[in-house]
1. Could you check Val523 against (1) open to solvent by 30 Å² or more (accessible area, probe 1.4 Å); (2) within 27 Å of Pro635 (Cα to Cα) and say which number it fails?
2. Can you tell me which residues in region 326-335 are aliphatic (A, V, I, L, M) and under 14 Å from Pro293 (Cα atoms)?
3. Conditions: (1) in a loop (DSSP other than H, G, I, E, B); (2) touching a His at 6+ places or on another chain (Cβ under 6 Å). Lys140 meets all but one. Number of the miss?
4. Against the condition outside any helix (DSSP H, G or I), under 30 Å from Cys109 (Cβ atoms) and among the hydrophobic types (A, V, I, L, M, F, W, C), how does Met220 come out, does it pass?
5. Return the only residue of Val579, Val623 being β-branched (Val, Ile, Thr) and not in a helix (DSSP H, G or I).
6. With the requirement that a residue be in a helix (DSSP H, G or I), under 24 Å from Ser475 (Cβ atoms) and open to solvent by less than 30 Å² (accessible area, probe 1.4 Å), what does region 383-415 give you?
7. Which residues, counting only those in region 127-184, are of a type in the set (D, E, K, R) and under 19 Å from the mean Cα position of the chain (by Cα)?
8. Just give me the residues in region 243-294 being among the acidic types (Asp, Glu), closer than 22 Å to Pro309 by Cα and open to solvent by 10 Å² or more (accessible area, probe 1.4 Å), in sequence order.
Amino acid sequence: MARDRVLYDGHAVAAVAAIDKASAKQALKLIKVTYEKLPHVTDVDEALLADAPIVQPRHSKDDQPANQTARMEMGHGDVDEGLKEADIVVEKSFKTGQTHQGYIEPHACVANIDETGKGTVWCCTQGHFEFRTTVAGLLKKNVSDITFVASEIGGGFGGKLIAYLEPLAVVLSENAGRPVKMAMSREDVFRATGPTSGTVIRIKLGMKNDGTIVAAHSWMAYEAGAFAGGQAYAPGAMSIFAPYDIDNFLVESYDVLVNKPKVAAYRAPGAPQSMHAFESAIDEAAIKLDMDPLDLRLKNAADEGTQAPYGPKFPAIGMKACIEAAKNHPNYKAPVPEGAARGVSAGFWFNIGMQSAAEININEDGSVMVVEGSPDIGGSRASMSLMAAETLGVDYSNVSTRIADTESTGFCNSTAGSRTTFATGMAVVQACEDVIAECKKRAAMTWGVDEDQVEWKDGHVEPGPGVNADVTPLSLAELAGSAGRTGGPIQGRASVNAQGAGATFSINFCDVRVDKETGKVDVLGYTAIQDAGKAIHPSYVEGQMQGGAAQGIGWALNEEFIYNDEGVLENPGFLDYRVPVASDLPMIDTEIVEVPNPSHPYGVRGVGETPITAPLATVANAVSRSVGVRIGELPLSPPNILAALED
């Protein structure tokens, strides 16, 4: 909340709890605030100028622009020497506006705190454990004082990783002695919560005539909002060159303050913007060289053993497999529709692991309950149940998965970074293995043999080969039914700090037709191809790919926050901030490539974020080819396209 200064349109200054909305509004009218108008800056380029208004004086340093709060640099080789070997050089600037995640459900919570300062919070969140940590830290409480319950979520995409309302609801409830409910309006969501970063990115790319990349340099400035610690500038730097094996490169990425809400994650934060810039430059080079854009990417593609720009060498990865799948896809082999053009882009996300815990409870009838703490925002409960069923050798219909509150299961980091099926799934598999070990132990005790003489097969314990024992294999249900006589309920537990999250690559291509009289863009067809490692639930993976493509198409063509000269957001709602609807989109075809991740028992790679990293460039490349002009600024709305054609 604002202290001595309001830093952006929508910055909260007070909170009121009342018995109804009318009373709350009446109380708000009694609060008098005196404002002094201050200079402001809402454009990232302008924020870096020497005479720009200073957003947060405490961040200002003498040796850097006043609004620059952080810088990341990564490099290898010598870019200048590499450029000397280039036959062609592409040098372009690109700009993206600030966009919102577009979740349908607004932020909301209920807090019920008793006279001892302890209680429960029900909230819409991607990570109730981390919300608990945040709220307890802000209010100087023990984390054990408050139980957080994650409600069913109506969309998040990274936007529900920040506790906006919950600390206020706890304080208000504690003071009122009553439960307090808080819910944002749609306008509140747009004005007061974190969108993704607007960016300015400058690319210099050198290539030989055969398509070999000899050098690449990127300079990137990401909006942080009004507070330091933006979500996007570092991941954007990690991602921009990752699909390619480049000997000479340099990435410079900056976090820059502007008078807007602090940015939040949006599905692969930072990567869609950086991939848009570099993949557009790649496409420009392909045009200059008269080379198929897939062939050019295949020539430079990262592979097993390639050193990632951010440090480690890649194990088995699917970049080349995705390109080959695209080349062989019937949609790519089909001719481009008359009057249309085709755009191609690669996508990438590195994925993360982090901490997860899981428990497996075997009920007395042999049915299985998986208990874990990762809110389900993309079908993860089905994936947990599938992995548990596969590991235990039981039917999927006998397995249920429950997302527990913070008192009822071990700590789990937030559902973010495409980590859940990988990391929490790893914990579930290990907890199932714990159950199997316990079942073998009990069977050995029952049969009077050693534990290493018992095997687990297809949901049963049975004697190992050569074991001289006249016994009948026991099913999980039979073991559970006799658990009271063999040691009590059968349970398994595991907690992990998961390592080895496998990087994920994609190739997208689409056909568009542009009306040069009106600037309207029609997306005629769209194909997304992605390496999932192992698709635990293929339908959900396909849904992730289609959803990311839909969001990326909207970002490319229409979506942006529009601030006026007074720094006021002019389109805080879905009427004027236009997300794509069904009639705007073609059927999005998908193909899942499976190059198993060697660090996961089932080969899983995260799939939730990579789908949004390629569509911006895919659409931009198609539009630029269609109109014959490289348009570097998004969105490619009709006014922007017409302006580019006039220039």
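1. The failed condition is (1).
2. Keep residues of region 326-335 that are aliphatic (A, V, I, L, M), which gives 326, 334.
Scanning region 326-335 gives a single hit, Ala326.
3. Here Lys140 clears every test but (2).
4. Details: outside any helix (DSSP H, G or I): yes; under 30 Å from Cys109 (Cβ atoms): no; among the hydrophobic types (A, V, I, L, M, F, W, C): yes.
Here the answer is no, as Met220 does not meet what is asked.
5. On the way: Val623 fails: not in a helix (DSSP H, G or I).
Only one candidate qualifies: Val579.
6. Residues of region 383-415 that are in a helix (DSSP H, G or I), as a first pass: 383-392, 396-398.
Now restrict to residues that are under 24 Å from Ser475 (Cβ atoms): 384-392, 396-398.
Once the filter is applied, which keeps residues that are in a helix (DSSP H, G or I), under 24 Å from Ser475 (Cβ atoms) and open to solvent by less than 30 Å² (accessible area, probe 1.4 Å), region 383-415 yields Met384, Ser385, Met387, Ala388, Ala389, Thr391, Leu392.
7. Here is the first cut: in region 127-184, the residues of a type in the set (D, E, K, R) are 130, 132, 140-141, 145, 152, 160, 166, 174, 178, 181.
Matches in region 127-184: Glu130, Glu152, Lys160.
8. Residues of region 243-294 among the acidic types (Asp, Glu): 245, 247, 252, 255, 279, 283-284, 290, 292.
In the following step, the residues that additionally are closer than 22 Å to Pro309 by Cα were identified as 245, 247, 252, 255, 279, 283.
Asp245, Asp247, Glu252, listed by residue number.
The values are calculated or read from the model by the stated rules, or taken from the named source; none is laboratory data. Predicted, not measured: the structure shown is a model, and the values here were computed from it. Virtual Cβ from ideal backbone geometry, glycine too; neighbours counted across all protein chains shown. Please note that ligands, DNA and RNA were not included when accessible areas were found on the heavy atoms of the full protein model with its side chains. Shrake-Rupley method; radii C 1.70, N 1.55, O 1.52, S 1.80 Å.
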